[in-house]
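What follows is a short report on a single structure.
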Amino acid sequence: MRKGVMSLVGAALVGLALGACDSQLAEGDVPAAATASAEAEGAEAFVRELYAAYHDDPNIQSGRTDAVWSARTKALWDENFEAAEGVGYLGFDPICACQDWLKLSVTELVVTPTGADSADAAVAFVNGEPPQTVRQTLKLVREDGQWAVDDIVWGAGHVQAGQPNMVEGLVASTAEIKAMPQNGG
């Protein structure tokens, strides 16, 4: 019996040693899993910070700023705002799915890297009294080393649930506004 256990332990050690030989990294290399994990952590920190800005302290400015959007999405928002001569596509903040917030807090967040400079952040949060749960997926991109929201896919509990994602809706809204007769369409 003892001889059999020793043989198993020996075989396991040989297997580990051979596996280590196959997975040797050159000096300075970082395993792909570690890189993906670090990228996801950076994206997760960005999303948590984004939602933390929606606090209830009336003495501190809260909510989002235009700095959260990717360059592409910011340009689309600007075009829509200009075409509408004011509020166009959405009359609410798409990050919190609200105009006002109360006791907004993230209840679930799963970040999945989708590329070297992109990730999906599936987020669920509660807002209001009584609390309402909203789910959405933030499509993130990293630009100039900073994470930004490039698009939002509306989920359960969201006023836009079942509608095209935010960028598709934004593009369609701008085209519709520009096609109106009073806008030369």
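The values are calculated or read from the model by the stated rules, or taken from the named source; none is laboratory data. Bear in mind that the values here come from a model prediction, so they are computed numbers and not experimental data. Here the Cβ positions follow ideal geometry from the backbone for every residue, glycine too, while neighbour counts run over all protein chains shown. Keep in mind that these areas ignore ligands, DNA and RNA; they rest on the heavy atoms of the full protein, side chains included. Shrake-Rupley method; radii C 1.70, N 1.55, O 1.52, S 1.80 Å.
See the values below:
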read-out	value
Hz values of 3J(HN,Hα) by residue in region 129-141 - Karplus curve (6.51, -1.76, 1.60), Gly and Pro given as x	10, x, x, 10, 8, 10, 10, 7, 10, 8, 8, 9, 9
Residues of region 99-121 with amide N under 14 Å of a point placed 7 Å along Cα→Cβ from Asp56	101-106
Karplus-derived HN-Hα couplings along region 74-88 (A = 6.51, B = -1.76, C = 1.60, θ = phi - 60°), whole Hz, x at Gly and Pro	4, 4, 5, 4, 4, 5, 5, 4, 5, 4, 7, 6, x, 4, x
Interchain or long-range residues, amide H under 5 Å from Tyr89's placed H	none
Region 77-136: C-alpha gyration tensor shape, a/c 1.5 cut-off, then a/b vs b/c	oblate
Of the GluC sites (Glu not before Pro) in region 132-184, those whose Cβ has at most 13 other Cβ within 10 Å and which sit in DSSP loop	none
Accessible area (Å², per residue) of region 66-169, counting only protein heavy atoms and a probe of 1.4 Å	50
Length released on extending from Ala179 to Asp144, taking residue separation times 0.36 nm less the Cα-Cα span	9.1 nm
Global form of region 123-185, assessed from the alpha-carbon gyration tensor, a/c cut-off 1.5	oblate
Relative packing of peptides 147-154, 94-101, 72-79 - highest average C-beta neighbours within 10 Å first	147-154, 94-101, 72-79
Set of region 81-98 residues, backbone N closer than 15 Å to the point 7 Å along the Cα-Cβ line of Ala172	89-90
3J(HN,Hα) from dihedral phi, region 106-122, Karplus parametrisation 6.51/-1.76/1.60, rounded to Hz, x for glycine, proline	6, 9, 8, 8, 10, 9, 10, x, 10, x, 4, 10, 8, 7, 10, 10, 7
Gyration tensor verdict on region 61-185 (Cα atoms; rounded if a/c is under 1.5, prolate if a/b is larger than b/c, oblate otherwise)	oblate
